[in-house]
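Every number in this text was worked out from the coordinates using simple rules, so none of it is lab data. None of the values given here were measured: they were computed from a predicted structure. Here Cβ is always computed from backbone atoms with ideal geometry, including for glycine, and neighbour counts include all displayed protein chains.
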C-alpha cells in the first residue's frame, strides 16, 4: 500500500514541478511573441531562427567559453583535492567535506556580494598588493570576466568535488595493489587505473558545473557589471525587459538540450568504463 | 488549456492565501523608502505591509502586466509608465476623498499630461540623472558635459545606470534630440553614438549606483540625484555634475494597480506617505526631492538648499522630463539595448 503511494507521490511531484514547467517552456518557445501575453498563436519556429543571429550566437559562444573555463579550473583544483581527501583517514575526510559544505549555510547571493568586497579596487586583494608595494595602481579585478569566473568557480566548486570524492570511494584498492605487483610505476598506476576509474566522477562534476555556470545571471550581474556575459543574462532580459517570452524560452530550451546531450555523453562514458576494467569487462 | 488560463488559475491559487485582511502589498524601487516608515505605518494603522522591490520600471511593468495588475496594492512607476499603464487599464482610479494630505503637494507637479487631473497617480518623489565624479581621482572641473564621458581616457572606467531610457538620454542630448523622441532614425543615431561609448563602460548598476562610487571601484559615471546626495553625505569628494546638454528628470508616482485586493489600505498607505513629516523624513534619508511643499518646509536649511536634491530653476529648464514614447519606440530601444549590453 505504501509503495504505490510513494510512487504516485513522486510521479505527481515530478509531473507537476518538472514535466509541466518544462512543457510550458517548450510550448512558449514555439509561440509568436506578443507584447500583452506570454505568447500568441500561430506556432512558429521564429524564436529558434533568431538564435542564429550572430549577436546571440556570440553570447552563446562567450558563455560556453566562460563555463568551460570555470569547469577546467574546478577540475584542476578539484581533482587533486578529491584525490587527497580520498587518501585521508575517515575523521579528517569527514571534517574536510564538512568544511566544503559549510559555506552553503550562507545564501550564495550574500557570498557573491562578499566577493565584490574582496575583488574591489580597495578590496582585500588590491589592498594587500598595494600595502606590499607590489603594485601602485589597483588592478581592475571587479566587473571583468575574471571576476565572473572567480565567482562561478567559488560557488560551483563543491558541486564538482562531491561526485568526484564518491568516485574515489568506489575505487578498489586491490586494483592498485595488483597494478603495483605487476610492476606499474606510480604514474602508470594513476594513468591506467585511477584516472579511468574516476572518470565518471570527473564527468559528473563537470556536468554539474558546466550548465549552471551558463545560467547564473546574478553572478554576471554583480561581478561582471551586468553586461550580457552569460546566456542566463540574456534569458533574464528577454523575459523581464524585452518581454519576448518565446525567444527567452527558446534560449532555455537550448540549454536544456545541451544538458540532455551532455547527460547522454555521461551515460555512454559510464558504460564504456564498466566494460573496460569494470565488472562487465569481458577480458576479466 | 491555453497558457493564459493556466497562469490565471495559478494566480487564483496564490491569491487564495491572501484572504486574511489588514495588509497592503507595496512594490517599490530598491532603496526608495526610509527605514522605519513601514513599521511606523503598521504601528499606527495595524495594517501589515508586505514589501518588495524592483530595479527598473520595465521589470515592474512586466510582472504587473503578466498578472493583469493583480498581486500588488501600491507601486511606484515613473511618469512614462504611468501614462502607459493608465492607457492599458492597469491602474485603479484614486479616491481623492480618502487622501486628506493631497493638499500638501506642489501644484506645479500635479495635473501633468501623463495623468491629467491626477486621476490615477500622485507624485511620490522626483529627481534627476546626471554625472557623479569622485574628486579624489577625477577633477570635477574637467567634467561638464555628457560628451566628456566619451573621452577615450575613460576606457573601462564608467558606471552607467541599468536603465535603457536614461542611457539613451545621454546620447539624445549629445546629439541634440529630445529624450522622448520616437523617430527611428534619431534612435538609430543615438544607438550608434552609444556604441562608441561602450568601450568606456565598466559596469551597469541597477540598484545602488552610489555603492561602487563609495567603494572606490568607480570614479566617474551616471548617478541618480538621491544616490549622489547620500554618497556626498558619506564622502564629500563625490560630486554631482549637471551636464551642460541637460540632465534627465523623472517623477515617480504612487499608483494602485487595477487588480489590487486591498484598495482601502492602499489609499491609507498613500495618504500616510503624503504626510509632511513622512515626506521630510524621506527626503532626508534617501536624498530625492519631494513634491510635498509642507514637507519641504520642515527640512533643515542645508537639505532644502542642497543643489543635488533641489536643483536650480535653470538646471531643471535645461533638462528634460521623461514621457511615454509608445510601444514601437520602446521595442526599438530594447533591441538596441540588448546589443549594447552584449558589447555591440
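Out of all DSSP beta bridges with both ends in the protein assembly as shown, state the antiparallel percent to the nearest 5.
Among the beta bridges of the protein assembly as shown, antiparallel pairing accounts for roughly 55 percent.
Could you tell me the extents of segment A:17-90's C-alpha atoms along the three principal axes, largest first, rounded to whole Å?
Principal-axis extents of segment A:17-90 (Cα, largest first): 62, 34, 18 Å.
Who wins for biggest fluctuation among A:269, A:252, A:185 in a Gaussian network model of chain A, springs between alpha carbons below 10 Å?
A:185
What Rg and what Dmax come out for chain B when only alpha-carbon atoms are used, in angstroms?
20.3, 63
For residue B:183 and residue B:52, what does the FRET efficiency come to when R0 = 56 Å and r is the distance between their Cβ atoms, rounded to the nearest 0.05?
Computed FRET efficiency for residue B:183 and residue B:52 comes out at 0.95.
Over chain B, with a Gaussian network built from C-alpha contacts below 10 Å, which listed residue (B:207, B:314, B:148) shows the highest mean-square fluctuation?
Of B:207, B:314, B:148, the Gaussian network model singles out B:314 as fluctuating most.
Return the average number of partner chain Cβ atoms within 10 angstrom of each residue Cβ along peptide A:229-238.
The per-residue average across the peptide is 2.
For segment B:224-302, what value does the Rg/Rh ratio take when both radii are computed over Cα atoms and Rh is the Kirkwood radius, given to two decimals?
On the Cα set of segment B:224-302, Rg over Rh gives 1.06.
If I model segment A:134-284 as equal point scatterers sitting on the Cα atoms and use the Debye formula, what is log10 I(q)/I(0) at q = 0.09, 0.12, 0.14 Å⁻¹?
-0.46, -0.70, -0.83
How far, in nm, would the chain grow between residue A:169 and residue A:107 when pulled straight, counting 0.36 nm per residue and subtracting the alpha carbon separation?
19.4 nm
To test your reading of the geometry: what angle, between 0 and 90 degrees and rounded to tens, separates the Cα axis of helix B:184-195 from the longest principal axis of chain B?
It works out to around 60 degrees.
For A:172-180, what's the mean count of beta carbons from other chains sitting within 10 Å of each residue's beta carbon?
0
Can you give the log10 of the normalised intensity I(q)/I(0) at q = 0.14, 0.23 Å⁻¹, computed with Debye over equal Cα scatterers of segment B:257-321?
Ignoring solvent entirely, the Cα scatterers give -0.53, -0.93.
Roughly how far apart, in whole Å, are the Cα centres of segment A:233-269 and segment A:108-139?
Using only Cα atoms to place each centre, the spacing works out to 34 Å.
Roughly speaking, what % of Cα-Cα pairs in the protein assembly as shown are separated by over 30 Å, rounded to a whole number?
Cα-Cα pairs of the protein assembly as shown separated by over 30 Å account for 62 percent.
With r as the distance between the Cβ atoms of residue A:96 and residue A:64 and R0 = 35 Å, compute the FRET efficiency 1/(1 + (r/R0)^6) and round to 0.05.
With R0 = 35 Å, the Cβ-Cβ based efficiency is 0.65.
Which of B:73, B:108, B:40 ends up with the largest GNM mean-square fluctuation for chain B, with Cα atoms connected below 10 Å?
B:108
Given a cut-off of 18 Å, what percent of all Cα-Cα pairs of segment B:151-225 lie beyond it?
41
Using every Cα-Cα pair within chain A, state what percent have a distance larger than 36 Å.
The answer is 32 percent, as a whole percent.
Taking every pair of Cα atoms in segment B:186-344, average 1/r, invert it to obtain the Kirkwood radius, and report Rg/Rh to two decimals.
Radius of gyration over Kirkwood radius for segment B:186-344 works out to 1.01.
Can you tell me the 0 to 90 degree angle between the C-alpha axis of helix B:326-341 and the longest principal axis of chain B, rounded to 10?
With rounding to tens, the tilt is 50 degrees.
DSSP beta bridges in chain B, what fraction antiparallel, as a percent rounded to 5?
DSSP beta bridges in chain B are roughly 55 percent antiparallel.
Using Cα atoms only, what is the angle between the long axis of helix B:164-175 and the major principal axis of chain B, expressed in degrees (0 to 90) to the nearest 10?
40
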